[in-house]
Number of protein chains: 2
Amino acid sequence: MTLVVQKYGGSSVADAERIKRVAERIVSARKAGDDVAVVVSAMGDTTDDLLDLAHQVSPLPPGRELDMLLTSGERISMALLAMAIHNLGYEARSFTGSQAGVITTSSHGKARIIDVTPGRLQSAIDEGAVAILAGFQGIAQDTKDITTLGRGGSDTTAVALAAAMHADQCEIYTDVDGVFTADPRIVPTAHKLDTVTYEEMLELAASGAKVLHLRAVEYARRFNMPIHVRSSYSTKPGTIVAGSMEDLPVEQALISGVAHDRSEAKITVLSVPDEPGRAAKIFQVVTDAEINIDMIVQNVSTKATGRTDISFTLPKTDGAAAMTALQKTRDEIGFEGLLFDDHIGKVSLVGAGMRSNPGVAATFFRALSEAGVNIEMISTSEIRVSVVCRDTDLDEAVRALHEAFDLGGDEEAVVYAGTGR
Amino acid sequence: MTLVVQKYGGSSVADAERIKRVAERIVSARKAGDDVAVVVSAMGDTTDDLLDLAHQVSPLPPGRELDMLLTSGERISMALLAMAIHNLGYEARSFTGSQAGVITTSSHGKARIIDVTPGRLQSAIDEGAVAILAGFQGIAQDTKDITTLGRGGSDTTAVALAAAMHADQCEIYTDVDGVFTADPRIVPTAHKLDTVTYEEMLELAASGAKVLHLRAVEYARRFNMPIHVRSSYSTKPGTIVAGSMEDLPVEQALISGVAHDRSEAKITVLSVPDEPGRAAKIFQVVTDAEINIDMIVQNVSTKATGRTDISFTLPKTDGAAAMTALQKTRDEIGFEGLLFDDHIGKVSLVGAGMRSNPGVAATFFRALSEAGVNIEMISTSEIRVSVVCRDTDLDEAVRALHEAFDLGGDEEAVVYAGTGR
């Protein structure tokens, strides 16, 4: 018997009609003879609606209670999905993260999965039922309080469940057909990838591709659990995320795709004394505020003044917190001012083949130069090149790189509205 | 240290503003030096909205999943309430029925509480926090599945929690000022009772008074846990439900109040052969359909035919099910037809003093007669007289009895919209 884990995002279960359609898809897998465990997100905008309610009663709600509140979202969708499956003549049982043994750290709002002990789900499946698990949530190992995994947590739940149950497949259903060479809304000739390695998918996810959450891919790589990313609106095969780039054949395509990210902002710290420890102090202040820094540029210091400018990028949503934290240390660090710029964009080229091909960088920068895109910051990894540019240049930069590396396909890309979590 | 259990119904926490007001009331109890455990219902119409959703995906949702769905309602309200308390500078922790050890039978939708083991709530209180418990829900002792207690379940949760924690007080906050001598919307001179015994409250609740749920009163009597029924919109004292009528002084008021009920219907089984076992068979059929019968009247059989009519009352909502079940046994029982009448009303007079005062019945029937109310059925207990009449006569019957027994007060009655569960 094949065991399939299927994960459906919030847009796939946004209303009663869509829930019924998902139930039909699950039942057709059962009819084909598969055992099925399902991970489901909250319906459509439920999470945002609940957050609104929370902020109506408290500007700074405690994390424990926020997690208690938000986890009601999956409770609703999973129970409705079980009813819809039941209505099609199949047995289904829903389980909360706590009931299903999703053990996490106690860091509310961004807990990490420690272990999954899905005994009750296994029993349900052994008795012929579809087992449904609430995504995005778990129970803290030490406090026994309810936790959430943060945005994208349902993908991670699905991969962790598939690994714990030794599933044969982990299917992530979403509102696009799979992983594309670029965002089809920007590049109409973008085409779907049939396969992509864990490493490439990690770089794509970290560079702004929203189709899979970074942590889910990390989890999949750790447990060597292949993910099938596919559309919940069609039965076409999607993209298989599997395998290490070490195992790739030599003739593997050079480049997998172009990712872009509009969610970052840039902070420039002006005229910092160019002495050991000053830069470190700046980044310590930001890190202490629990803010992730992405890219960093330090200008060459002018000998006359012995001072330098330091720029770094961070999530836009953390901008205010970082500015406040830095402002407080102005005298201590001795900088002259702070600039905040939220009109930047980041474009990244990702491909396992890039390791052994030194020509990639040259083509990359020539393409951007010919497109008139001014580069503000650069960062690279073994299989990725990223640059920061003006946000108004971002679409053109994506198109230019997609064209320069000949990533276009014949297949027409299909894009649907909405995002899951 | 005094421990107070407070229960707030759905209308008291219907939106963010009301939740904040409830939080202020809880905090003022904390400031007065009391330890507080709170039981809360789902916000306003949440339960009905969730039921609507359920019926959109399935006409007959399985009970296990319906309970999973509905329990998300209290999860939302209790988390929001904890946040609102937190925002006022006090610690608060919310717990589901399962987390709080509310152990029940496994009868989904109408589970009964077997035991409450509130260790986590006690710890929270010992650490200085307000402990908040989701009303209406628990965990099945055998299956470990989530259960609900049915309508009115939050009252029962509150009383059970108060008993398990040996609380000094159990306050049920509602949208009226307490228990009244009659519904003030019908009788403007109705006045609030300061105290009422468990037995009288049981009879009032069973006769249609909605202020407290029957099962909660049964629980309170069993554990001798006094209940203070009071308004969540004022700080005036409400009604204390406590004590047995055995302990009442002789000069205790004869009559506590007049209750009425529009929720019942009457079924008449026509021309039943007047032989032993036929009536029993009728009631067996109805009972097998899990329908509660209230009052029964069997007409005197006419000797000529050897047949008789049997009438009984039942909840209107069970009318269709009862008619279907009876129709199937028509040939077996040998009756000639069925009549369904949902235009009846029931009025009841309740008072512990009635036991030792034979004049009550005479006054009761004279008052109804003078008011021109035609009596269709009669039932009595030691401390109650109930009659069924036309629903159009019901208000007049309530007023006539209230007047005849001189129950009017000087205090003006206050009525608010909405009901809890």
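Worth pointing out:
- Counts of other chain beta carbons within 10 angstrom of each beta carbon in peptide A:143-152 average 1.
- Radius ratio Rg over Rh of the protein assembly as shown, counting only Cα atoms, Kirkwood formula for Rh: 1.09
- Taking amide H as placed 1.01 Å from N in the peptide plane, the amide H of A:Asp274 sits under 5 Å from that of A:Arg307, A:Thr308, each at least 5 places away or on another chain.
- Helix runs (DSSP H) in chain A reaching 30 Å along axis by Cα, Kyte-Doolittle at least -0.5: none
- With the label put 7 angstrom out from Cα along the Cα-to-Cβ vector, B:Glu275 ends up 11.2 nm from the copy partners, going from closest to farthest.
- 5 angstrom amide H check on A:Lys7, placed H, neighbours 5+ away: A:Val39, A:Glu171, A:Ile172, A:Tyr173
- 10 Å Cβ neighbours from other chains, averaged over peptide A:80-89: 6
- Cα centroid separation - the stretch B:347-369 against the stretch A:198-239, whole Å: 76 Å
- Each other copy holds its own label point for A:Gly408; taking that point as 7 Å from Cα along Cα to Cβ, the gaps run 9.1 nm, nearest first.
- Across the identical copies, how the A:Ser106 labels are spaced - nm, sorted shortest first, 7 Å along Cα→Cβ: 3.3
- Computed E for B:Lys31/B:Asp194 - FRET, C-beta separation, R0 25 angstrom, nearest 0.05: 0.40
- Magnitude of the charge dipole, the protein assembly as shown, Cβ model with Lys/Arg +1 and Asp/Glu -1, debye to 20: 620 debye
- Nearest beta-carbon to the B/A symmetry axis - residue in chain B, distance in Å: B:Ser72, 2
- The stretch A:245-408, relative contact order [Cα under 8 Å, separation at least 6], %: 30 percent
- Legend: distances between Cα atoms for A:Lys144/A:Lys266; B:Lys20/B:Lys192; A:Lys110/B:Lys144; A:Lys20/B:Lys144; pairs beyond 32 Å are A:Lys144/A:Lys266.
- Listed residues A:Ala14, A:Ala54, A:Thr239: farthest to the positive end of the dipole of chain A (Cβ charges): A:Ala54
- Restricting attention to the protein assembly as shown, close to 60% of DSSP beta bridges with both partner residues there are antiparallel.
- About its Cα centre, the dipole of the stretch B:209-333 is roughly 360 debye, where the only charges are +1 on Lys and Arg Cβ and -1 on Asp and Glu Cβ.
- In percent, rounded to a whole number, the relative contact order of chain A is 16, using alpha-carbon pairs under 8 Å and six or more apart.
- Dipole magnitude (debye, nearest 20) for chain B, charges at Cβ of Lys, Arg, Asp, Glu: 580 debye
- q = 0.12, 0.21 Å⁻¹: log10 I(q)/I(0) that the Debye formula gives for the stretch A:245-408, counting C-alpha atoms only: -0.62, -1.24
- Solvent-accessible surface (1.4 angstrom probe) belonging to B:Arg399, in square angstrom, nearest 10: 100 Å²
- Theoretical ellipticity at 222 nm over chain B - DSSP helices of four or more residues, -39500 (n - 2.57) apiece, nearest 500: -10000 deg cm²/dmol
- Relative contact order (%) - the stretch B:3-175, alpha-carbon pairs under 8 angstrom, separation at least six: 29 percent
- Ordered by 1.4 Å accessible area with all protein chains kept, B:Phe405, B:Phe340, A:Phe335 run largest first as B:Phe340, B:Phe405, A:Phe335.
- Note on the stretch B:60-95 and the stretch B:281-341: Cα centroid distance 43 Å, given to the nearest whole angstrom.
- Exposure rank, largest accessible area first [B:Glu171, A:Glu370; 1.4 Å]: A:Glu370, B:Glu171
- Stokes-Einstein, applied to the Kirkwood radius of the stretch B:1-99 over Cα pairs at a viscosity of 1.306 mPa s and 10 °C, places its translational diffusion at 110 µm² s⁻¹.
- Lys/Arg +1, Asp/Glu -1 at C-beta; chain A dipole; positive extreme among A:Gly351, A:Ala162, A:Thr313: A:Ala162
- All other residues whose Cβ lies under 13 angstrom from that of A:Ala167 are scored, Lys and Arg at +1 and Asp and Glu at -1, for a net of -3.
- Anisotropy class of the stretch B:200-323 from Cα gyration tensor, a/c 1.5 cut: prolate
- Accessible surface, 1.4 Å probe, highest first, among residues B:Ile114, A:Ile293: B:Ile114, A:Ile293
- Shape call, the stretch A:3-175: gyration tensor on alpha carbons, a/c limit 1.5: oblate
- Over chain A, the hull volume per residue, using the convex hull of the C-alpha atoms, is 158 Å³.
- Per residue of A:99-105, other chain Cβ atoms within 10 Å of the residue Cβ number 1 on average.
The values are calculated or read from the model by the stated rules, or taken from the named source; none is laboratory data. Just so you know, these numbers come straight off a predicted model, no measurement behind them. Glycine also receives a Cβ, built like all others from the backbone with ideal geometry; neighbour counts cover every protein chain displayed. With ligands, DNA and RNA removed, areas are computed over all heavy atoms of the protein, side chains included. Shrake-Rupley method; radii C 1.70, N 1.55, O 1.52, S 1.80 Å.
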